[in-house]
Structure formats: C-alpha cells, structure tokens
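Report on one structure; see the data block that follows.
Read the figures in this text as sums done on the coordinates, not as results from a lab. Fair warning: this is a prediction, and the values are worked out from it, not measured in the lab. Quick reminder, even Gly has a Cβ in these numbers, built from the backbone with ideal geometry, and neighbours come from all protein chains shown.
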Amino acid sequence: MEELFNSSKLLKHWPSILLGLLLALTFKYIKEYRRKRSKNVKLAGEEDIAVDFPLEDPDALQPALEEKPHVPFVQGENLNPDGARRFYELARGRRSVRAFNAERKPPINIIEDCIRAAGTAPSGAHTEPWTFCVVQQLAVKQAVRQLVEQEEHINYSTRMHAQWVTDLRPLQTNAIKPYLSDAPYLILIFKQTYGTTAQGRKKLHYYHEISTSIACGVLLCALQAAGLSSLVTTPLNCGPALRRLLERPANEKLLILLAVGYAAEDCKVPDLQRKCLQDIMVKY
Ligand code: IYR
C-alpha cells in the first residue's frame, strides 16, 4: 500500500524531480568546466605565471591573504600646500648619474627608509613580490661589476643590434662601469615570480613585474627626496649570474640594478630635454 502510495507520489512529482536532477547535473558540469579552465588561465602581462600551478580542490582553496573585515581609511600625510608642484620640483631634479663620490657614504638608515617607502607600493593581490638586495661590501660590488662588464663587452661588441649601440652614443655609455664599484650602495631589485604560503605551498604572484617596477619608481623618488643620486640599470644577460652571486632563490629574477650615493663633484650628465605636458597627456 505504502509502496503504491510512494510510486504514485513519484509519478505525480516527476517533472520537479527531473528538473532537480537536471539542475544538479548542470551545476556539476559548470563547476568542472570552471576548474578545468582555471588550470589554463594566463593573465595578461604575466608571461611567466605558472600555467601548471597545482590546483587545489576548488572547495578547499584559501586566499593567500587573511580574510578580515576592512578598516576605516586613514588619509596619510601629504606635502600640501602645493604638494603636487613641490613633488614635481623634486622629481624633475632627478638625473641618472654615472659618476659617484666613492668617499662619501650615506648612512644605511636613509637607504632603509627609502626601501621602506618602496615597500609601500601597491602590488597584485597585495603579494609584495619584491626583494631589495643592498650591497655595500667592496668585494661584492667588484664581483657584480665584473659580471656586468663581462656581459656588457659582448652586448656592445656583438650581441646587440648596431642601432642599439648607435642610440646609446649620445649617453656616452660603454662596457666599462666604474660606478658599480664606486657607488657606496648597489641595490639589486628582484621580482619574485611566485612565493610560498605559510603552509609551504606555492603562492601565485600576480603582476610581479609591474608591481616591482612601481616599487622601484617609489624608491627612486625616495632616494631623490633624501638628496641621493641614483642610476637605473637593467643588466642584460647577467640576471641569473647575479642571482647566484647573491644566493637568491630561483623564484627571484633580477629586474633592476641601482647604483646609489652622492654624485661625484665633477659628474656630468647628458643635456636632455623632457617632453612637455602637452606631449604626454591627453585630456578627454
Ligand atoms: N645597460 C647598458 C646600456 C644602456 C642601455 C640603455 I636602453 C640605456 O638607456 C642606457 C644604457 C649600460 O648601462 O651601459
């Protein structure tokens, strides 16, 4: 009797049961599809993001950052009055210098504050994917110089296009780089292509190159504000050797090498003009 009742109930509700089954199957399919698709995700501008990143069970995924309630925004200090103009005056005074006063060393705490400032830069998912290696020891600076000069000889003589060498002529650069041993500080900035979670798992670092480049921009401004001079270099082909020299891990890739200190008394710079506002800004 009860069976009969149950089967008649089943019969009566078969459209809802079928719909329920269909919905469940659709959800399962969507979930599976999204899981498969996320395996192959490639973010724009993230050439070396790990495509074969080990994917957790989607339901067990945890954000790398702790999930906490947001706190009220507190406006930081500013340079007002005329903050923007004063900052522009500061920034426009910066030049890349290739001759440093080897005798005059700025205190390390100034460098530390500048790097603190750089560390405030925004980064993809707040992953802070950067390492700032500060070199002060002469022997290490000399080793850096030797590695860079070795590659630069090849760059200038055979590796690079003749147009490259020609375009650099007005800057009067060449393969000999005394500033790499004269400058009291070298700061080698590495982008971390991925990180490690507290649980020892691989952690994705989004936009690590853009994030680290922004941090370098902040660092350059901070150094300028501290009255120091700097030179931005991007050593061609010596990233891995410099990484090994400084015993940095394989997830770190050299992005920029800065020479930092006070400019030499007789330091000369190219007579360059900067584009005017109308040439760099478009209003809509
Ligand atoms: N890194 C080399 C060459 C160089 C390349 C560019 I592009 C510059 O704007 C300046 C230099 C060097 O430091 O000599």
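Legend: calculated FRET efficiency, Leu19 to Glu67, from the Cβ-Cβ distance at R0 = 30 Å, rounded to 0.05, equals 0.30.
Fully extending the segment from Lys202 to Leu90 would add 36.3 nm, taking 0.36 nm per residue of separation and subtracting the current Cα-Cα distance.
Adding -39500 (n - 2.57) for every DSSP H run of four residues or longer, then dividing by how many residues the chain holds, sets the calculated 222 nm ellipticity at -12500 deg cm²/dmol. The stretch between Arg104 and Gln172 holds 22.0 nm of extra length on full extension. This uses 0.36 nm per residue minus the Cα-Cα distance.
Reported to the nearest whole Å, the Cα centre-to-centre distance from segment 144-203 to segment 225-284 is 10.
Panel order for Val97, Val165, by other beta carbons found within 10 Å of each beta carbon, from fewest to most: Val165, Val97.
Electrostatic tally near Cys238: other residues with Cβ closer than 15 Å to its Cβ, Lys and Arg +1, Asp and Glu -1, net +4. On a per residue basis, the convex hull of the C-alpha atoms belonging to the chain measures out at 257 Å³. Contact order, relative form, for the chain: 25 percent (alpha carbon pairs under 8 Å, 6 or more residues apart, mean separation divided by residue count).
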